[in-house]
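Enquirer: Sending over a structure as structure tokens; questions will come in a sec.
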Amino acid sequence: MSSYDVAVIGSGPGGYVAAIRCAQLGMKTAIIEKYSTLGGTCLNVGCIPSKALLDSSHHYEDAFKHFETHGIEIDGPIKVNLEKMISRKQDVVDMTTKGIQFLMDKNKIEVFEGLGSFKDATHINIAKNDGTTATIEAKNIIIATGSKPSTLPFITLDKERVITSTEALSLKEIPKHMIIIGGGVIGLELGQVYKRLGAEVTVVEYLDRIIPTMDAGLSKELMKTLKKQKVKFALSHKVKSVERNGDEVIVKADNKKGEEVTFTGDYCLVAVGRNAYTEGLNLDAAGVKTEERGKIAVNGHLQTNVPNIYAIGDVIKGAMLAHKAEEEGTLVAEVLAGQKPHINYNLIPGVVYTWPEVAAVGKTEEELKEAGIAYKVGQFPMRALGRARASMDVDGFVKILADAKTDEVLGVHMIGARCADLITEAVTAMEFRASAEDIARMSHAHPTYAEAVKEAALAATEDRALHI
Ligand code: FAD
Ligand code: NAD
């Protein structure tokens, strides 16, 4: 039987990063993945393919909506070849997942393809995909089995017309009318893809705003811009049934007044969140405990109730984000090596890759109010930037929340072009506990979208933004 210092179950961004860091720190490491490609949800059916389709559909929208204004004339119709678009997306996925295999080889990490399940706290049975089985031994085990889409009890996901994000990334036709249940990240990113490609899109959301966990200002601005792009919204609607009738999908919901509203489309994307995935792991054999919603319970070192077993990423509490899982993978490897790593969970940024992009870090206004912390607000609109006008991406703003007394930056919330990249400045500043004035006094290249960060900081400092 092969023995390892560490065995990682699951090869998503949590698992493969944990494995690399363990190997870097000199541990003999194995990784077990039930699918034939590495990279987990993120690389196969999550972050990477969704961004590939967002980019392709963005190019298409630019071509037919904006090229003419830029003085670019196309002789003949502009058409979408969905099959080619999906196939390009798959090429990007294949290239990226092969890259993880390369990294495993480079770091001498043994890869086992098959379903891993606990035999006991130090042994894992692997049911290989060719029907054979193997057992390995490991001093330490890291569970990184991720999550799966959740649904509503009355919905039958037929995966043809009533679908999850996984199927929505590989559709064979452009829907005529896609009804999306859930105005969260998946619903809005994939909704925008199909809206750009010509589908009618209706988002049915239970709460009274979209992206409900983000700052309310961002929800409002994103909804305003998506409405301009003709995405329809039904907020405060409680979905109660989803039925398929041939090629038609009928969604019924109760609105705020309790009246029944019917939506009829040809596809229904169910995007109401994701659940921790531990099926088949046989946690009981190792004695590993779970907590609410089936998540694996861990302490501050991400150690489960069984001392040599750790868990990271979507399968434990906290934001379901690839970069959060990666930080946790690194943390556990370093804990195992006897180091004292730390993750500042308050500074894990959240991004929605719609266009305009939405990005945030730190506390929202709602959270500061609830905590009774006095704060100042500095806000600057993208449209006041020369760069924004040059590229015609004028929607959005940057908002900086700073402590009323100390001026320390407590939260940064932005919506606009390239905000997914801009937010890193805020993370860096906040990691060093910068004040709004610190950011305001830093030189920001002109003309860039980053100037909105400086201007918002100036506005927060002494209400002295320069260009408004
Ligand atoms: P996963 O990536 O889910 O990996 C878990 C792996 O474990 C899987 O490969 C699974 O097959 C394997 N596994 C499970 N059980 C076993 C077993 N018993 N034996 C062997 N293998 C097993 N996050 C972002 O930060 N940015 C984004 O832009 C983004 N976009 C997304 C878009 C979509 C459509 C979706 C669905 C998600 C997106 N996410 C995004 C979320 C992100 O994908 C997850 O947070 C991330 O993948 C979690 O990583 P993980 O390592 O915990 O688990
Ligand atoms: P989400 O939690 O972002 O959004 C789910 C939405 O569905 C919420 O707005 C919620 O109020 C709504 N909802 C819940 N029950 C409902 C009901 N019965 N009727 C109508 N609406 C209902 O979840 P998601 O969009 O499914 O994404 C899942 C996870 O994947 C998220 O945790 C997210 O972090 C991750 N993800 C991240 C990115 C990114 O970082 N850009 C992209 C995609 C997914």
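Enquirer: Farthest toward the dipole's positive end in the chain, which of 426, 231, 443, given Cβ charges of +1 (Lys, Arg) and -1 (Asp, Glu) about the Cα centre?
Expert: Highest projection toward the positive end goes to 231.
Enquirer: Carbon and sulfur: what percent of the chain's accessible surface (1.4 Å probe)?
Expert: Values: 11070 of 21690 Å².
Looking at the chain in its full context, I get 51 percent from C and S.
Enquirer: So if I take the centroid of the Cα atoms in the stretch 329-352 and the same for the stretch 185-209, what is the distance between those two points in Å?
Expert: 33
Enquirer: Among 24-34, 352-362, how do they line up from the highest to the lowest mean number of other beta-carbon atoms within 10 Å? The partial results should precede the final answer.
Expert: Details: 24-34: 20.9, 352-362: 24.0.
Final packing ranking: 352-362, 24-34.
Enquirer: If you put +1 on each Lys and Arg Cβ and -1 on each Asp and Glu Cβ, how big is the dipole of the stretch 126-193 around its Cα centre, in Debye rounded to 20? Intermediate results must be reported in sequence, preceding the final value.
Expert: Numbers: 7 positive and 7 negative charges, 10 e Å.
The calculated dipole for the stretch 126-193 is roughly 40 debye.
Enquirer: Related question: Per residue, how many Å² of accessible area does the stretch 1-53 show with a 1.4 Å probe?
Expert: Details: 1610 Å² over 53 residues.
Normalised by residue count, the accessible surface of the stretch 1-53 is 30 Å².
Enquirer: Under a 1.4 Å probe, what is the accessible area of the stretch 124-278 per residue, stated in Å²? Please report the intermediate quantities before stating the final value.
Expert: Details: 6820 Å² over 155 residues.
About 44 Å² of surface per residue is accessible.
Enquirer: Okay, next question. Return a whole-number percent for the relative contact order of the chain, with Cα pairs under 8 Å and 6 or more residues apart as the contact set. Walk me through the numbers on the way to the answer.
Expert: Working: 1022 pairs, mean separation 67.8, N = 468.
Relative contact order comes out at 14 percent.
Enquirer: So which chymotrypsin sites (Phe, Trp or Tyr not before Pro) in the stretch 88-169 are both in a DSSP loop and have at most 16 other Cβ atoms within 10 Å of their Cβ? If you can, show how the numbers build up before the last one.
Expert: Details: sites: 102, 112, 118, 154; in loops: 154.
Answer in residue order: 154.
Enquirer: Now, a different point. Per residue, how many Å² of accessible area does the stretch 315-468 show with a 1.4 Å probe?
Expert: Working: 6970 Å² over 154 residues.
Using a 1.4 Å probe on heavy atoms only, each residue of the stretch 315-468 averages 45 Å².
Enquirer: Go through 232/324; 34/324; 106/363 and tell me which ones have a Cα-Cα distance over 29 Å in this structure.
Expert: On the way: 232/324 32 Å; 34/324 22 Å; 106/363 40 Å.
Correct reply: 232/324; 106/363.
Enquirer: Dipole size in debye (nearest 20) for the stretch 72-231 around its Cα centre, Lys and Arg Cβ +1, Asp and Glu Cβ -1?
Expert: 380
The values are calculated or read from the model by the stated rules, or taken from the named source; none is laboratory data. Everything quoted here is computed from the prediction, not taken from an experiment. Don't worry about glycine lacking a Cβ; one is built from the backbone with ideal geometry, like all the others, and counts go over all protein chains shown. Accessible surface is based on the protein model in full, side chains and every heavy atom, while ligands, DNA and RNA are left aside. Shrake-Rupley method; radii C 1.70, N 1.55, O 1.52, S 1.80 Å.
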